[in-house]
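Worksheet: the structure to be examined is printed underneath.
Just so it is clear, none of the values below were taken in a lab; they were calculated from the coordinates. These figures come from a predicted structure and were not determined experimentally. Please note: Cβ atoms are built from the backbone with ideal geometry, for glycine as well, and neighbour counts cover all protein chains shown.
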Amino acid sequence: MPEESSIQTLPEKVLPEIDIFTKQILGKKVLNNVATLWQEKYTEENVAVGVKRPFRLYIINNGSVPGPVPDLGSPVRCVKLCKRVIETDYPRNTLICNSKSKVTHRYQLVLLVEFEDGTFDVLTLPRNLSNRLQYNALTTKAFVDSTVINAAGVPVLQHQTHKVPNESLIIVSAGVNNYTSFEYSVSIPFTDFTPHLNRCVLDDPSLQSYILLKDLKYDIDVLDTFQVDIGGGSFVWTTIVELTVTEDIIDKLGIDQDVIIQGKPEFICK
């Protein structure tokens, strides 16, 4: 009879348990191609209607000096977005009770402006903006409508209430003609997140949000020249330019979680 095999099955080496601390994503909302620079549409009777329209600039023509009868100067030929600067600690998120997630985004825009005479200028928005009656030769390079910055130099809150989620936009001000950034906000109901968020999840004290911005795009339309009345019997020639900036906003909601796995750490301290 053949001899019995002397080979014995050895027990598999048991790998140690490793405790990993991570963030478990429980719900996500993606806002695709959302305009984060715009202004609110008004009727002919000057009533706000809660609908977005392109952000309108009145860029001062090169060589047009304010006066009773200003020279036309050189109108704008082209405008390009060179850079978007996001302020420190933004975008940020606030979880409001158990109802919604409010995303707040602060930024500046740097534009390169080409005039028809071949010259160029750099505009930093909103720093170089003002109301028509608050013209400052040292800082003003473009005007906005009085529905964006009023005649006293105070920014006006813009609203998008036509559809959910509701949005707002305002110019952050440290005083007249001292505008530091744009502040865009959107309030996303928890019912819009996928998958559905259970009540126990919303009550978890470790519930946090992570905001991701992607796919920044812009659209610029150079329109007609326009003479602006800056008060005191003075005028200046400008070019009307409409600007819209869009991007994807991804809001992820998650909680702190321990995950136990079996494995071998890459580094073991001995």
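Check each of the chymotrypsin sites (Phe, Trp or Tyr not before Pro) in the stretch 178-270 and keep only those in coil by DSSP with at most 10 other C-beta atoms within 10 angstrom; list them in order. Walk me through the numbers before you get to the answer.
Values: sites: 179, 182, 184, 190, 193, 210, 218, 226, 235, 237, 267; in loops: 193, 267.
Answer by residue number: 267.
For an R0 of 25 angstrom, estimate the FRET efficiency from the Cβ-Cβ distance between residue 21 and residue 89 and round to the nearest 0.05.
On the way: r = 23 Å, r/R0 = 0.94.
Approximately 0.60, to the nearest 0.05.
Modelled label-to-label distance, residue 257 and residue 120, 7 Å Cα→beta-carbon offset: nm?
So the two model labels end up 4.9 nm from each other.
If you stretched the chain out fully between residue 152 and residue 98, how much longer would it get, using 0.36 nm times the residue separation minus the C-alpha to C-alpha distance? Could you put the intermediate results ahead of the total?
Details: separation 54, 0.36 × 54 = 19.44 nm, distance 3.87 nm.
In short, 15.6 nm is gained.
For the stretch 10-74 and the stretch 188-240, write down the distance between their C-alpha centroids in whole Å.
What the calculation gives is 4 Å, centre to centre.
If contacts are Cα pairs under 8 angstrom and at least 6 residues apart, what is the relative contact order of the chain in percent? Can you show the working numbers first?
Details: 623 pairs, mean separation 80.9, N = 270.
After rounding, I find 30 percent.
When 99, 187, 64 are ordered from fewest to most other Cβ atoms inside 10 Å of their Cβ, what list results?
Working: 99 12, 187 17, 64 21.
The most exposed by this proxy come first: 99, 187, 64.
Compute the separation of the alpha-carbon centres of the stretch 98-156 and the stretch 254-270 and state it in Å as a whole number.
Each part's Cα centre sits 50 Å from the other's.
Among 100/217; 83/163; 28/217; 41/102; 23/163; 80/252, which pairs are too far apart, with a Cα-Cα distance over 25 Å?
Details: 100/217 27 Å; 83/163 30 Å; 28/217 22 Å; 41/102 23 Å; 23/163 31 Å; 80/252 32 Å.
Beyond 25 Å between Cα atoms: 100/217; 83/163; 23/163; 80/252.
What 222 nm value per residue comes from the helices of the chain, counting each DSSP H run with n ≥ 4 as -39,500 (n - 2.57) and dividing by all residues, nearest 500 deg cm²/dmol?
Working: 1 runs with 4 residues, N = 270.
After summing the helix terms and dividing by the residues of the chain, the value is 0 deg cm²/dmol.
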